[in-house]
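Peer 1: Got a structure for you, questions after.
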Amino acid sequence: MTTPLYVLDIREDDDGIEQPNEALFTPTPENAAEYGFMTRDGIHLTGVGEEDEPPTEFVALGHNHTWTALALLADAWMRKNHPDADLPVHTRPPVRKHAVFITHPHPDHPCGCAWDGQWRLVYAPATEPGAVAVTVIPAGRTT
């Protein structure tokens, strides 16, 4: 028996029919900023972690980035989104992974949920349906 990597949240409508509260999606260059990604020189990067807290890691779409470009963009993201937090010192190299992005599919929230344009990320094998290549950088001071 295998355990699923992720389970999409569902709800029951007034007729007792199950409806998804979430859907798989892929951030694209066109909508990356809408989902909190900062873009520079073709790199789309965002912080991942608890809401309203400095990130525990940074995620960049794709694998074709230099370490220096990722570190500079992660520092710029921190200055924009958490200007009062200590800037991270990146001493560990980035890690190539794959991830599934999950978002809320209905913006009017007929289910009464609290989603507000947020998304979540689950690391997954490259063969998982909907998985995309990402580069992960641990956040925080590592020296």
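Only the coordinates and a few stated rules stand behind these numbers; no lab work does. On a predicted model such as this, the values are computed, not experimentally measured, just so you know. Note: ideal-geometry Cβ built from the backbone for every residue, glycine included; neighbour counts use all protein chains shown.
Peer 1: So Leu5 passes all but one of these: (1) in contact with a strand residue (DSSP E or B) (Cβ under 9 Å, 6 or more places away or on another chain); (2) among the hydrophobic types (A, V, I, L, M, F, W, C); (3) over 30 Å from Asp75 (Cβ atoms); (4) free of Cβ contacts under 8 Å to residues at least 24 places away in the same chain. Which condition number does it fail?
Peer 2: (4)
Peer 1: Say we look at region 41-91 and pick out the residues that are within 15 Å of the chain's Cα centre (by Cα), under 14 Å from Ala139 (Cβ atoms) and among the small types (Gly, Ala, Ser); which of these is surrounded by the fewest Cβ atoms within 10 Å (Cβ to Cβ)?
Peer 2: Only one residue fits best here, namely Gly49.
Peer 1: Looking at region 5-21, which of its residues are of a type in the set (Val, Ile, Thr) and within 20 Å of Val100 (Cβ to Cβ)?
Peer 2: Hits for region 5-21 are Val7, Ile10.
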